[in-house]
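One structure is given here, and the rest of the page talks about it.
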Amino acid sequence: MAGLFDRIRNFFADVEPEPTDSEKAEALHRNIAERQISEVMALENAYAGQDDLWEGEVLDAIDFSVLASEEEREHFDNGIAPWINIVSREAEVEGLIDPDSLALNYPNAKIVFDYPLANPTTRDISTSGEGFSRRELVELIGRFYEEIYEEEEASATTKTLSMSERKIMNRNQTDGIYGIWGHDLDDIALSGVEVRRTANGEIILILGIES
C-alpha cells in the first residue's frame, strides 16, 4: 500500500500546476514589455542623431472623408464627415471618398501610434504592390488600434472602468504598457495621415486622430 501512495505522490509531484490568472497576465505583460523594449531599442538605433521620431520631410497628406449618414448630414458641409470611426470602419468604409485608388505611394512604412497613448508605439506595414489605398490603410490602422487596446487591457493592473463606475465620461488612464488615457476605442476616428520621410529615408505615417 505504501508503494501505491508513493507512486501517486510522485505522479502529482511531476505534474506542472496550471498557472493562475495573475501569473498568465504577468507572463503576457512580460512578453509584451520585452517586445516594446526591442521596439524602443530599434527606434533608438534607427533614429540616432534625430531629435524626434515625428520630425522629417513632409511628403504628403492623406484625408479620410466619408459620406455622412442621413441623420448626421446636417452637421457637415456638403454632407461629408471629415473622418472615419475606427470601431465602425467596416460599415463607414462603404461611404469613404476615393477608397480604392493609390493613396500612399510607398510599399513600406512605419505607423506611429501616439494618441491616446502615454507610451507611443509603432507598427510596420509593407506590400508587394506600389503602395496602399485608403481602404487598406483604414483597415490596417483599425486592426492595429484594436490590438493596442487589447494588449493594454491585458497588461494593466488598473483596468478600464465601466461607464457606470466613472465620475466623468472619459476613459480612466490604465497602467498597461501603453498607458492609454482619456478615450475608449469607439471614441477614436481617423481624419488623416501625414506622410514624412526621415533623414535615413524611412517613411513615417503620423495619424490625425479625432475623439
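Data overview
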read-out: Estimated dipole of the stretch 105-211 in Debye, rounded to 20 [Cβ of Lys and Arg +1, of Asp and Glu -1, Cα centre]; value: 260
read-out: Order by protection proxy (mean Cβ within 10 Å, highest first), peptides 120-128, 144-152; value: 144-152, 120-128
read-out: Sequence-separation-based contact order of the stretch 69-211, relative, with Cα cut under 8 Å and 6+ spacing, percent; value: 26
read-out: Note, ³J(HN,Hα) from phi for the stretch 126-137, Karplus 6.51, -1.76, 1.60, rounded to Hz, x at Gly and Pro; value: 8, 8, 7, x, 7, x, 10, 8, 4, 4, 5, 5
read-out: Under the Karplus curve 6.51 cos²θ - 1.76 cosθ + 1.60, θ = phi - 60°, whole-Hz ³J(HN,Hα) for the stretch 140-157, x wherever Gly or Pro sits; value: 5, 5, x, 5, 5, 4, 4, 4, 4, 5, 5, 5, 4, 5, 5, 9, 8, 8
read-out: Under 5 Å, built H, 5+ apart or other chain: amide partners of I180; value: A118, T174
read-out: Other-chain or far-sequence residues with amide H under 5 Å of I80's (modelled H); value: A68
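Every read-out reported here was derived from the displayed coordinates using simple, explicitly stated rules and does not represent laboratory data. Everything quoted here is computed from the prediction, not taken from an experiment. Using ideal geometry, Cβ is built from the backbone for each residue, glycine included, and neighbour counts are taken over all protein chains shown.
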